[in-house]
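Asker: Take this structure, written in structure tokens, and hold onto it; I'll ask about it next.
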Amino acid sequence: MVLKLYSAPFVGGGAAIIGLALAEKQVPFEFVPVDMAAGEHKTPEYMAMNPFGLVPVIDDDGFIIYESRAICRYIADKYPNQGTDFLPKSLKERALVEQAASIEYSTSYPAIYAVMKEIFGKRRQGLPVDQTVLDEAVKELSAKLDVYEVILGKHRFLAGDEFSLADLCHYAYAPLLAENGIDVMTSKGPNVTRWWNELMSRPTWVKLKADGFKSKQ
């Protein structure tokens, strides 16, 4: 039975990094769109898979798992010998990846989310963006990227010279910044700019953005 990915059709958020992980690992899957506007993510059937009523979810031959970062780790561990090794097996290499992934989750992700929450949250409510709040959120994110500038001055990617889970996790929300006129990812310094441009031009990401979540057999 082919793996099923349940998500809204938009390539963003947690589904984006799962789609990218599947592409990097060359894993076939069936895409099952979830109509969130119609409340499909709150039906008893869906909430039996994810009791929080959120997307994404995968069903791997009856094994159900939610939370995008956990799903990416599962995919990496299940398919260690195919595609990109974005979660290395070596103890020390993996520790460095987990360190960088923890920094992404606890430091950069909240800062990025705060920016996007002010933009998208206000739009959903039909309210104008509070520029003061937005500027403060961008300033906080900028401070986090100052540290990234130092880290990326030592190696090509966040956990070393190879693309890893830590880099992959940034595809969830950071690409939406530039799409909404916030170009902080390419205005901080040469190291962050080089890294981010490489991520945005990664062939698997370019294809995912162009094709969307199409089932891959």
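Asker: Could you give every pair whose Cβ atoms fall below 7 Å, whose first residue belongs to segment 146-157 and is surrounded by 14 or more Cβ atoms within 10 Å (Cβ to Cβ), and whose second residue is of a type in the set (F, W, Y) and in a loop (DSSP other than H, G, I, E, B), counting only separations of at least 6 or pairs across chains?
Answerer: Taking only residues 6 or more apart or on different chains, the pairs are F157/F163.
Asker: Next up: Output the number of residues of segment 84-119 satisfying the condition of being part of a loop (DSSP other than H, G, I, E, B) and within 29 Å of Y46 (Cβ to Cβ).
Answerer: Adding up the residues that qualify gives 2.
Asker: From (1) surrounded by fewer than 18 Cβ atoms within 10 Å (Cβ to Cβ); (2) out of contact with any helix residue (DSSP H, G or I) (no Cβ under 6 Å at 6 or more places or on another chain); (3) assigned to a helix (DSSP H, G or I); (4) outside the structural domain of I17 (by TED's automatic domain parsing), pick out the condition that doesn't hold for A70.
Answerer: Of the numbered conditions (1) surrounded by fewer than 18 Cβ atoms within 10 Å (Cβ to Cβ); (2) out of contact with any helix residue (DSSP H, G or I) (no Cβ under 6 Å at 6 or more places or on another chain); (3) assigned to a helix (DSSP H, G or I); (4) outside the structural domain of I17 (by TED's automatic domain parsing), the odd one out for A70 is (4).
Asker: Can you name every residue in segment 102-137 that is within 19 Å of N191 (Cβ to Cβ) and in contact with a helix residue (DSSP H, G or I) (Cβ under 7 Å, 6 or more places away or on another chain)?
Answerer: E104, T107, S108, A111, I112, listed by residue number.
Asker: For A166, only one of the following conditions fails: (1) in a helix (DSSP H, G or I); (2) exposed (fewer than 15 other Cβ atoms within 10 Å of the Cβ); (3) not hydroxyl-bearing (S, T, Y). What is its number?
Answerer: Just one mismatch for A166, condition (2).
Asker: Within segment 169-217, can you find the residues that are part of a helix (DSSP H, G or I), within 15 Å of the chain's Cα centre (by Cα), closer than 24 Å to V32 by Cα and in contact (Cβ under 8 Å) with a residue 12 or more places away in the chain?
Answerer: Listed by number, the residues that qualify are C169, H170, Y171, P175, L176, T204, W205, L208, K209.
The values are calculated or read from the model by the stated rules, or taken from the named source; none is laboratory data. Quantities reported herein were computed from a predicted structural model and do not represent experimental measurements. For neighbour counting, all protein chains shown are included, and Cβ atoms are generated from backbone atoms with ideal geometry for every residue, glycine included.
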